[in-house]
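The numbers here are math on the coordinates, done by the rules we state, and not lab data. These numbers come from a predicted model, not from an experiment.
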Amino acid sequence: MSCHDCLNRRDFLTRSALAAAALVAAEACGDGQIGPPIVRASGGGDPNIPLGGPVVVVLAQKPALANVGTVVDIGHQRALVRTSATTFLGLSRICTHQQCDTEVHNNRFECPCHGSVFAADGSVISGPNIAAPPNTPLRQLAVTVDPQAGTVTVA
C-alpha cells in the first residue's frame, strides 16, 4: 500500500518537535509584562483599589509606623505612612500603569513589571520603562485612627 502524502516516522517526530518548540517559545513570551502576573477580579470598579475589606493595623505590631514619613507594607495590597503624630496616609500598592503589585523598597513603591517608581506619598517619580501613557499617582485609601485601641483601619 503506497501513500504519496504520508509522513514517515522521522518526519513525524521532526515536525512534532518543531511544533512543541514553537509552543514553548510562544508561552515564554507571555503577555509582554515582566514580573508577577496580574490577577484582578472583573465586575467593574477602580482596578487600582485593593479587593477585600478594610485592614486593621495594630500600631504596636508595626514599630516602623512610629516614624513620620516611613512607608510600611501592611499586606493586602496596601501600605501605610505616618504623616504626623496623629495622622496617617493609606495607599494602594497597585501600580496605576497596568495594575501590578508594587513592592516597598527604600521608602518608595517600585513596580516589578515595568519599572514605575512612586514616592512615599504615592506621587509618580518615574513612569514605566516602555512606551506607554504616564502613570497617575497611587490611589489614596480611607484611613480611620482609633487612638484608644492603638489601631489604624485602612479601607
* Structure fact -> Over all directions, the stretch 50-155 yields a Cα convex hull whose mean projected area in nm² is 6.2
* DSSP bridge orientation in the stretch 55-154 - percent antiparallel, rounded to nearest 5 -> 95
* Counting only C-alpha contacts under 8 Å and six or more residues apart, can you give the relative contact order of the stretch 55-154 as a whole percent? => 26
* Pull out the extension gain between residue 49 and residue 119, defined as 0.36 nm times the separation in residues minus the alpha carbon to alpha carbon distance; nm, one decimal. => 23.4 nm
